[in-house]
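Taking it in order: structure first as structure tokens, then the write-up.
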Amino acid sequence: MSEKEKTREFDVVGFGALNMDQLHMVDQLAGPDEESFITGFTESCGGSAANTIIGISRLGLKTGFIGKISTDREGKILLNNLIQEKVDTQGLMVTTQGRSGRVMGFVDKKGQRSLYVDPGVNDTISIEELDLSYLINTKILHLTSFVGDSIRAQQDLIAEIHEKIKISFDPGRLYVEKGWNELKPFLERTDILLINEMELQLLLGSKFLSYSQGAKLLLDEGIANVVVKRGDKGSYAVNNEFEVTLPSREVQCVDTTGAGDAFNAGFLYGFSKEYNLEESCKLGNFVASKCVVCPGATSGLPYAATIENREKYEKS
């Protein structure tokens, strides 16, 4: 093993979009032909996979990221943020062409939101640009959605990498709406599926009867671990050894942005530590509960000191 490869020993690497989240706090979310007014504004770094990887990095694991940015203002901020969060950035592609991704979000007083995505260079990634050696010593590759054609780069990548690398997949609504046949190459390679209840229903269509029945159907399809995120109703997970149903933790919600990504961070931390399914779900719930009490996707994500003692995070 070369010295370069030794420095690339990761617990989890993320591959997804990098976006500047521009969050507008509003009196209420406006419907068709309705008006509302903005009460505040915040800007922060985002992207589903990036949010999760930052959460995992804060918990003390070795992380890396594969994605694409431009050399514009937003790209520089996104790069520096990953560096500050101790995420390895050797997997990033940087271009002088185009613009970095951004998401315009509108969040009401109850923490509910509407999002508008401007993908920019996120959707120009090809397999030829990727350095496959970046993943040689990676335990888990975590995939999330792109708006456009970069899904092909993800699909090509998982066909190339070693089978010892576990695939964690959070398809999001963008990918789920593509349908079962489009996602089949991903699902056949997925070891950990992280999906919310609505997405599960969309994915299964007429086969969906309940979230638990749907998860078990996917288990029968060969996915080793199926985790259903149910928002304020908690989480459900199943594998060949365990079936887990957990309520959410009761907190005062400020902003739901990134809650699912935060759950993923806690769950994948537990999974990488070889915790069982229930313990991993408890960690997912805990990290998500810390996320939603603060504005933005990452400002509330906890650090390792807050979960090192099991009794502390279960009682806090």
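No lab work stands behind these numbers, since they all come straight from the coordinates. Please read these numbers as outputs of a predicted model, since none were measured by experiment. With ideal geometry, Cβ positions are generated from the backbone for all residues, glycine too; neighbour counts draw on all protein chains shown.
Coupling constants for segment 97-104 follow from the phi torsions by the Karplus curve (6.51 cos²θ - 1.76 cosθ + 1.60, θ = phi - 60°), and in residue order they are 9, x, 10, 6, x, 8, 10, 9 Hz; glycine and proline get x.
Please name which of Val176, Gln252, Val238 has its Cα lying farthest along the dipole of the chain towards the positive end, using unit charges on Cβ (Lys, Arg +1; Asp, Glu -1) and the Cα centre as origin. So the residue furthest toward the plus end is Gln252. Most simply put, segment 58-126 has about 50% antiparallel DSSP beta bridges, counting only bridges with both residues inside it. Sorting the segments 62-71, 13-22 by their mean number of nearby beta carbons within 10 angstrom, highest to lowest, gives 13-22, 62-71. Its Cα centre serving as origin, the chain has a Cβ charge dipole (Lys and Arg +1, Asp and Glu -1) of approximately 600 debye.
Report for segment 1-132 the percent antiparallel among DSSP-assigned beta bridges with both residues inside it, nearest 5.
Details: 14 of 31 bridges.
Around 45 percent antiparallel, to the nearest 5.
Taking 20 Å as the straight-line reach from the Cα of Lys139, the lysines in range (excluding those fewer than 8 positions away in the same chain) are Lys4, Lys6, Lys62, Lys86, Lys164, Lys166, Lys273. For the listed peptides 287-299, 250-262, 27-39, a ranking on the average number of other beta carbons within 10 Å per residue, highest first, reads 287-299, 250-262, 27-39. By the count of neighbouring beta-carbon atoms within 10 Å, fewest first, Arg73, Arg8 end up ordered Arg73, Arg8. By the gyration tensor of its Cα atoms, with a ≥ b ≥ c the square roots of the eigenvalues, what is the shape of segment 138-275: rounded for a/c under 1.5, prolate for a/b over b/c, or oblate? Rounded, because the longest to shortest axis ratio a/c is under 1.5. Since only Leu78, Gly101, Val13 are under comparison, the one whose Cα sits farthest along the positive direction of the charge dipole of segment 1-124, derived from C-beta charges on Lys, Arg, Asp and Glu, is Val13.
For the ranges 181-189, 265-273, what's the packing order if you count other beta-carbon atoms within 10 Å of each residue, average per peptide, and put the highest first? Before the final figure, lay out each step's value.
Numbers: 181-189: 14.9, 265-273: 26.0.
Packing proxy ranking, top to bottom: 265-273, 181-189.
When the chain is fully extended, how far beyond the present Cα-Cα distance does Glu243 get from Arg73, taking 0.36 nm per residue of separation?
Details: separation 170, 0.36 × 170 = 61.20 nm, distance 4.60 nm.
Additional length available on full extension: 56.6 nm.
Remark: Val117, Val226 ranked as Val117, Val226, counting other beta-carbon atoms within 10 Å and listing the fewest first.
Among rounded, prolate and oblate, which fits segment 115-217 when a ≥ b ≥ c are the square roots of the eigenvalues of its C-alpha gyration tensor, a/c under 1.5 means rounded, and a/b larger than b/c means prolate? Oblate shape, in that a/c is at least 1.5 and b/c is the bigger or equal ratio.
Extending 7 Å from the Cα toward the beta-carbon at both Ile38 and Ala305 defines two label points whose distance is 3.6 nm. Using Cβ point charges alone (K and R +1, D and E -1), the dipole size of segment 211-316 about the Cα centre works out to roughly 260 debye. Between the entries (i) 1.09; (ii) 1.22; (iii) 0.94, the label attached to Rg/Rh (Cα atoms, Kirkwood Rh) calculated for this structure is (iii). Note on Tyr275, Tyr116, Tyr303, Tyr134: ascending count of other Cβ atoms within 10 Å places them as Tyr116, Tyr303, Tyr275, Tyr134, the fewest first.
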